[in-house]
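The values are calculated or read from the model by the stated rules, or taken from the named source; none is laboratory data. All figures in this text were calculated on a predicted structure; none of them were measured in a lab. When we count neighbours, we look across all protein chains shown, and the Cβ atoms used for this are built from the backbone with ideal geometry, even at glycine.
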Amino acid sequence: MAKFKIILSDPETGTSKTVELEEARAIPLIGRKIGEVIDGSVVDLPGRKAQITGGSDKDGFPMRPNVHGGVRRQVILSGGVGFNPRDDGERRRKTVRGNVVTDEIVQINMRIVEKPKQPKERRKVRGKKKREVREEEVESEAPKTDSA
């Protein structure tokens, strides 16, 4: 059966969390593609949504979004995932994995794209007692007289 190591990053806070899924918990991810948004309850984050951004297989070959299917292919790359060119215009044939999650994938990278809506917090006046706040309100409501 499939066993995945999920790396879940939160772009707002800059933190990441690792979750391991095995057996029945990993099945909802099989067949998904890079870029798909899934429910966060699959990765222990109910109420959130996560987007698949990439991953790698059991031998370390990276998933590439523009290679279709779930198989390994040798493609000519000029940059991006799986190849970092040293010279301008350099291209190389490299082995990469397709964009579909299969049972041969070991690591899946995800990003949180939607968090649950939180109710707005009430504004609190700190450092002042209720009586002082009321006195200020009364003073501001009092009619002002012009001394011109």
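Going residue by residue through segment 74-93, is there one that turns out to be under 24 Å from Lys5 (Cβ atoms), charged (D, E, K, R) and surrounded by fewer than 18 Cβ atoms within 10 Å (Cβ to Cβ)?
No, every residue in segment 74-93 fails to be under 24 Å from Lys5 (Cβ atoms), charged (D, E, K, R) and surrounded by fewer than 18 Cβ atoms within 10 Å (Cβ to Cβ).
Could you figure out which of (1) surrounded by 13 or more Cβ atoms within 10 Å (Cβ to Cβ); (2) modelled with pLDDT under 95; (3) touching a Gly at 6+ places or on another chain (Cβ under 6 Å) isn't true of Ile108?
Exception for Ile108: condition (2).
Would you pick out the residues in segment 4-40 that are among the small types (Gly, Ala, Ser), in contact with a Gly (Cβ under 9 Å, 6 or more places away or on another chain) and surrounded by 13 or more Cβ atoms within 10 Å (Cβ to Cβ)?
Hit for segment 4-40 is Gly40, nothing else.
Which one of these does Gly31 not meet: (1) closer than 21 Å to Val81 by Cβ; (2) without any contact (Cβ under 8 Å) to a residue 60 or more places away in the chain; (3) not hydrophobic (A, V, I, L, M, F, W, C)?
Single failed check for Gly31: (2).
Looking at this structure, is Gly80 within 20 Å of Val106 (Cβ to Cβ) and free of Cβ contacts under 8 Å to residues at least 60 places away in the same chain?
Considered against the rule, which asks whether it is within 20 Å of Val106 (Cβ to Cβ) and free of Cβ contacts under 8 Å to residues at least 60 places away in the same chain, Gly80 comes out as no.
Among the numbered criteria (1) within 21 Å of the chain's Cα centre (by Cα); (2) at negative phi; (3) buried (at least 19 other Cβ atoms within 10 Å of the Cβ), which one does Gly55 miss?
(2)
Could you figure out which of (1) in a helix (DSSP H, G or I); (2) hydrophobic (A, V, I, L, M, F, W, C); (3) surrounded by fewer than 14 Cβ atoms within 10 Å (Cβ to Cβ) isn't true of Met1?
Exception for Met1: condition (1).
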